[in-house]
1. Could you please find all residues in the stretch 91-110 being modelled with pLDDT under 75 and not hydrophobic (A, V, I, L, M, F, W, C)?
2. So is Ala119 under 20 Å from the mean Cα position of the chain (by Cα), of a type in the set (A, V, I, L, M, F, W, C), under 24 Å from Ile259 (Cβ atoms) and at pLDDT below 85 or not?
3. Of (1) surrounded by fewer than 13 Cβ atoms within 10 Å (Cβ to Cβ); (2) closer than 20 Å to Ser254 by Cβ; (3) in contact (Cβ under 8 Å) with a residue 40 or more places away in the chain, Phe271 satisfies all except one. Which?
4. Looking only at the stretch 304-359, count how many residues are among the polar types (S, T, N, Q), exposed (fewer than 15 other Cβ atoms within 10 Å of the Cβ) and at pLDDT 90 or above.
5. Name the single residue that is nearest to Arg135 (Cα to Cα) among those in the stretch 236-257 being hydrophobic (A, V, I, L, M, F, W, C) and outside any helix (DSSP H, G or I).
6. May I ask you to list the residues in the stretch 250-261 that are of a type outside the set (A, V, I, L, M), in contact (Cβ under 8 Å) with a residue 12 or more places away in the chain and out of contact with any helix residue (DSSP H, G or I) (no Cβ under 6 Å at 6 or more places or on another chain)?
7. Step by step: first the residues of the stretch 1-42, then only those that are touching a helix residue (DSSP H, G or I) at 6+ places or on another chain (Cβ under 7 Å) and of a type outside the set (A, V, I, L, M, F, W, C), then the one that is nearest to Arg129 (Cα to Cα). Which residue is that?
8. Sort through Glu311, Glu301, Glu324 and tell me the only one that's more than 37 Å from the chain's Cα centre (by Cα), more than 30 Å from Ile56 (Cα to Cα) and among the acidic types (Asp, Glu).
Amino acid sequence: MIELPDDCRIAFCVGVGGVGKTTFAAALGLQEALKGKSVLVLTADPARRLADALGIDGLGDLPSDISLPSHALGGELHAAMLETKASADGIIRRAADDQARAQRVLDNRIYQAFSNTLARSHAYAAMERVHETVRDPRYDLVVIDTPPAQSSIEILDAPARLVRFLDQRVVRWFLQASDDSPTSWDGAIAQRLLRTVAGDSLVSALTEFLTEMAFLREGFAERAREVRDLMRSSSTRFVLVSSADSVGIEAAKSVAAEIAGRDFELAHVVFNRAFIPEIARVVHAPVTYPDSLAALVPKLERMRALLIAEEEQKHSNIVTFCAEQGIRACALPEATRPLGDTSALAAWIERGRLVGPLA
């Protein structure tokens, strides 16, 4: 079972899709809440898997209170699903030096399209929410369920990418088109051509949007530095969730390399559905079958052998991965019942096994 230190303020759960990452994020948040912490589990995945794992009807941008099992030690568990538009608006309001400027951006048609439809705006909004919630005194810990692998990496890069966009020469060139200097003539010609093609209204909205965003650059840059420092601090943990089959191991290596390449530290690795508890009890023990199943015994024995071989291969994959990465991993079992409530989640994560160096 993974143990987060008392000073951990934020845990990023990263990995590819379809490995139970959201379920694990819910279980991790629950585990820490049962220790007495006030925990927020925030999903940046637009699917409703977090609500399903917690056994509730749905989630919204505002945190919902989750009921804990009776043995909880006074902790609290809250959960929310990122609403891109609301969080993107929060970026603008916090970065602007006055509300009038913020409102001009919020009312701009280009911004509205950007915040509602562009895929990467989800990543910007997610990191804005992280920046906001990790400083909220109501929470001791924030667990972030990131989207599948590539999107999760986009979340990690989002703050700096927005600043780089505002620094691009093409943006500055476009904004200088209204100047009277000779260097602005090419931009002015391009703007006039664009107005002919796209129309005055669209180009005016684009110019206004870029102008206001340029004024907000310093606010974005400051927040990008803060988020980057936060992700590299000792109070942040990156938890990689994967499957233990060969495909999952290769994906885990790729995500681990992405994290290391950004100078972040991978603190924990979790391999989901890594073993079947019942198999462990019969690997070295003879199995007896009732007479009514005599005709099926050869087929059942073949199935048993296949399951044992698959489990041994998964264990070998995990041990090799841990040796290469120099890290311990937690192996979680196949769930014996649907994980659709907090009691089932708590029982499931308690069955985890440590694998790897010093395990």
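1. Arg94, Asp97
2. yes
3. (1)
4. Residues meeting the conditions: 3.
5. The residue in question is Phe238.
6. Residues satisfying the conditions are Lys253, Ser254.
7. Thr22
8. Glu301
The values are calculated or read from the model by the stated rules, or taken from the named source; none is laboratory data. Nothing here was measured: the structure is a model prediction, and the numbers come from that model. Neighbour counts are summed over all protein chains in view; Cβ atoms, including those assigned to glycine, are modelled from backbone coordinates with ideal geometry.
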